[in-house]
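The values are calculated or read from the model by the stated rules, or taken from the named source; none is laboratory data. Given the structure is predicted, the values throughout are model-derived calculations rather than measurements. Cβ atoms come from the backbone with ideal geometry, glycine included; neighbour counts cover every protein chain shown.
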Amino acid sequence: MAIEPLTITDTDQTEQDKKLQEKLKTSGSIPVHIAIIMDGNGRWAQKKGNIRLHGHKAGVESVRDITESCAQLGVKHLTLYAFSTENWNRPVSEVNGLMKLLVQSLRDEAERLEKNDIKLVTIGQIERLPEKCQRQLREVKELTKNNSRMQLCLALSYSGRWDITEAVKQIAHQVKDGNIDPEEISDDLVGSFLSTASSPDPDLIIRTSGEYRISNFLLWQLAYSELYITKTYWPDFRRDELYQAIYSFQKRDRRYGKVKNGYTKSATASVINQIIS
Ligand code: FPP
């Protein structure tokens, strides 16, 4: 019999938490892919009379807790919107602070990711990040590249429009070179040129801090994702609320634009003509 590797996560987990997770696993399906817009770090810090960077630092604790609990639950893909293309327009001091925090967090978490069998990947314009960040990302990606329990994807210097624009450019080149017939261009083909080509579309998207918008996140990929919006600021968003979000997801009726089987009597042409005359 194969023995499950012992992970730091599993040994640290409380009995109460294990029970909650078991309950959640039996109450419905666990989303394969969860994507999160982590918002509210700045407001969380300001509410406490601190500068915004304190909020980002506290947000790293939530990243750790949510990553571990997703892996424990059997989520296969977790995508976190860590830095948007638009975030470059923030004050230089905040951008620099965020980049430093990213380097430090990657350094601190590398071993934990490896022990928990989590693979780190990124999407976005990584070449725009400071060299130190790029180096650290390369190291952790290399260290974790063979891990298979869950894929943690950090969206860094990412925007949905950038992703689609890049895909369009690549497809245009392929058409120009005669490798793709324009008539062959389909949803699937476009998807295969996006930076997320190797992951399924997210089943559940969570946004913290109570804003009702997508903020240029995975615009193409979110077509049929279920949304969960909470007022909680990201640094306060921990596994207990993740479980609520998943429970809410399990109660949704995902129809993908179709009608539920047996839900309607099928209409004959004469009935349709009577209604629309
Ligand atoms: C949004 O809050 C958050 C960000 C722009 C950055 C998120 C970064 C982290 C949680 C830390 C580093 C991440 C990793 C993956 C180690 P906001 O600043 O927009 O908050 P506000 O809406 O209250 O201003």
Matching residues, region 17-53, being charged (D, E, K, R), closer than 18 Å to residue 75 by Cβ and free of Cβ contacts under 8 Å to residues at least 12 places away in the same chain:
18, 22, 23
Boolean, residue 242 is in contact with a Cys (Cβ under 9 Å, 6 or more places away or on another chain) and among the hydrophobic types (A, V, I, L, M, F, W, C)
yes
Conditions (1) touching a residue at least 40 places away in the same chain (Cβ under 8 Å); (2) within 15 Å of the ligand (Cβ to nearest atom); (3) out of contact with any Gly (no Cβ under 7 Å at 6 or more places or on another chain) -> residue 95 fails only (1)
Taking the options 42, 55, name whichever one is in contact with a Pro (Cβ under 7 Å, 6 or more places away or on another chain), over 17 Å from residue 118 (Cα atoms) and of a type outside the set (A, V, I, L, M, F, W, C).
55
Note on residue 83: of the conditions (1) near the ligand (Cβ under 10 Å from one of its atoms); (2) in a loop (DSSP other than H, G, I, E, B), unmet is (2)
Just checking, how many residues over region 257-277 are among the aromatic types (Phe, Trp, Tyr) and modelled with pLDDT of 80 or more?
0
Somewhere in region 149-168, is a residue surrounded by fewer than 21 Cβ atoms within 10 Å (Cβ to Cβ), free of Cβ contacts under 8 Å to residues at least 24 places away in the same chain and over 30 Å from residue 223 (Cβ atoms)?
no
Restricting region 29-79 to residues that are out of contact with any Phe, Trp or Tyr (no Cβ under 7 Å at 6 or more places or on another chain) and on the phi > 0 side of the Ramachandran plot, the one nearest to the ligand (Cβ to nearest atom) turns out to be 49
Output for region 217-254, where each listed residue is assigned to a loop (DSSP other than H, G, I, E, B), within 16 Å of the ligand (Cβ to nearest atom) and more than 13 Å from the chain's Cα centre (by Cα):
230, 231, 232, 233, 237, 238
